[in-house]
Every structure is written in C-alpha cells, then in structure tokens.
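Asks: The structure's right below; bear with me while I get my questions together.
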Amino acid sequence: MINYLRGTLSSFSKESIVLDVSGFGIEVYPTKALLASAVLGEEMKCHTYLQISDAGLAMFGFASETERDFFLELLQVKTVGGKLAITLMRYLDIGHIIEAVKNGNISMLSVPGLGAKRAERICFELKPKIEKKFAGIAAEAASPGTTSFDSFVTDALTGLGFSHGECARAIATAKAQADDDVQWSEESLLMASLSILQRR
C-alpha cells in the first residue's frame, strides 16, 4: 500500500486535490481536514489509501493516520464504499461523525449520497468499534472544527423550519465552498447557509 504522499499541490477543487510527486500529477480525494490545509503551490504530505475496484483506481487522502483508520472502519460497513466514506469525511469533521454515531443521531450524518437507512447502519455497526478504538477522539469534543457560531446558526435555521440534519449539511457546505481565509461571523455564516438551503 502507498502509505503516504509528499508533493507540491498543483491544483484543487471541492472534491479532490492534485499533488505533483516527482513529476507525476496524482489525484487524491481528501477529507475535510486535509482539504483545509491545502495551499496551492506549497508542499504537503498526506496519509493515503489506494482503493482498487471495478470502477478503477482511487486514491484517498487523510490529514492523519487516525483519519485513515476511521476511514477503513467506514469501509467495513455494508454498502459503504470509498467514495461515500470520503464524502462523509469531506463534509464532516471526524469528531462530528463520532458523536453522531455514539448518539445514534442519523440526522447529523446528512451528506450528499447518504440516505437515512445507510446512516442508521453506519451508526449501528460503528458504535461498538468507536467506543473501543476512537474513545479518545470522541472525548475531546462533540464536534471539533466547529465555530462558536454554528449553534447560533443552527438555532436560527431550525426556527425557520429546517431540520438539524439540513442545517449541519448546509453549514458544512458553506464552509467547504468558502475561501480558506474567510472570517466567519454569525450573520455571514447564517446567510451563506440559508442561501444553500434555499437553492435546494
């Protein structure tokens, strides 16, 4: 297995990054944490997992070995493939996912391509493993990477009739689509999230 890659970031989008590794442009599907650290033209290192399937090759990238370990646990869940697992980790911080699984809160796992039944299966199958292998992470915070504005925005949006799952997804999407140097305020995050919800 290719354990990690180190190279210059030549391009990136909301779904993938391309690392120039000794003249080879390698496309990597990143987690939220890894994408947040991406700086065009600078060298970066990421832990990786290469998946070989009927659909071809896919390289997934992680900010830490712990993230990769969690990704591998997601792959053990029936009907969860690499693309769905990385989508979940691209929209949500690992601490957010762990907290949702611990509490069986499937609405917190609302991301594109993940329906309620599969979210419920993830919670059911991962809960005993998380309590053993990722207890330290779960204890650090309910949702690492969130800002103090998230609860305010969630309360405001649920007051308008949106579900908690829709709010969490909209907030995560707003942050993922924004430039890295954006300085969020309660108002700006609320307006960005509301705009996403209204488009849907």
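The values are calculated or read from the model by the stated rules, or taken from the named source; none is laboratory data. Here the structure is a predicted model, which means the values were calculated and not measured. Every residue, glycine among them, receives a Cβ derived from its backbone with ideal geometry; neighbour counts consider all protein chains shown. Calculation scope for accessible area: heavy atoms of the full protein, side chains included, ligands and nucleic acids excluded. Shrake-Rupley method; radii C 1.70, N 1.55, O 1.52, S 1.80 Å.
Asks: May I ask you to derive the FRET efficiency for ALA116 and PHE24 from their Cβ-Cβ distance with R0 = 30 Å, giving the value to the nearest 0.05?
Replies: 0.15
Asks: Separate question: Semi-axes, largest first, in whole Å: what does sqrt of 5 times each Cα gyration tensor eigenvalue give for the range 148-200?
Replies: Each semi-axis is √(5λ); the values are 17, 12, 9 Å.
Asks: Can you figure out the FRET efficiency of LYS132 with ALA55, using R₀ = 30 Å and their beta-carbon distance, to the nearest 0.05?
Replies: Computed FRET efficiency for LYS132 and ALA55 comes out at 0.40.
Asks: I need the per residue convex hull volume for the range 72-130, using only the alpha carbons, in cubic angstrom as a whole number.
Replies: 69
Asks: For the chain, what is the mean residue ellipticity at 222 nm derived from helices alone (per DSSP H run of n ≥ 4: -39500 (n - 2.57); sum divided by total residues; nearest 500 deg cm²/dmol)?
Replies: -14500 deg cm²/dmol
Asks: Given R₀ = 41 Å, what would the calculated FRET efficiency be for LYS78 paired with SER13, taking r from the Cβ atoms and rounding to 0.05?
Replies: So, using R0 = 41 Å, E works out to roughly 0.85.
Asks: Give me the orientation-averaged projected area of the Cα convex hull of the chain, in nm², one decimal.
Replies: 11.6
Asks: Could you give the size of the charge dipole of the chain about its Cα centre, using +1 on the Cβ of each K and R and -1 on the Cβ of each D and E, expressed in debye and rounded to the nearest 20? Intermediate values should be presented prior to the final figure.
Replies: On the way: 20 positive and 24 negative charges, 165 e Å.
The dipole magnitude comes to about 800 debye.
Asks: With every protein chain present, what accessible area does LYS32 have (1.4 Å probe, heavy atoms only), rounded to the nearest 10 Å²?
Replies: 50
Asks: Over the chain, what is the mean sequence separation of C-alpha contacts under 8 Å (at least six apart), divided by residue count, expressed as relative contact order in percent?
Replies: Over the chain, the number comes to 15 percent.
Asks: Oh, and also: Going Cα to Cα from LYS127, which lysines come in below 26 Å? Please leave out same-chain ones fewer than 8 positions away.
Replies: Output for LYS127: LYS32, LYS78, LYS83, LYS102, LYS117.
Asks: Under a point spin-label approximation (7 Å from Cα along Cα-to-Cβ), what is the GLU187-GLU65 distance to one decimal in nm?
Replies: Roughly 4.7 nm, to one decimal.
Asks: Right, something else. Can you pull the percent of the chain's accessible area that's carbon plus sulfur, 1.4 Å probe, other chains left in place?
Replies: Of all accessible area on the chain, carbon and sulfur atoms account for 51 percent.
Asks: How much accessible surface does GLU166 have with a 1.4 Å probe, in Å² rounded to 10?
Replies: 80
Asks: Once the range 25-136 is represented by equal point scatterers at the alpha-carbon sites, with solvent omitted, what log10 I(q)/I(0) does the Debye formula produce at q = 0.12, 0.16, 0.17, 0.19 Å⁻¹?
Replies: Values returned for q = 0.12, 0.16, 0.17, 0.19 Å⁻¹ are -0.40, -0.71, -0.80, -0.98.
Asks: Defining a contact as two alpha carbons under 8 Å apart and six or more residues distant in sequence, what relative contact order in percent does the range 86-130 show?
Replies: This gives 40 percent for the range 86-130.
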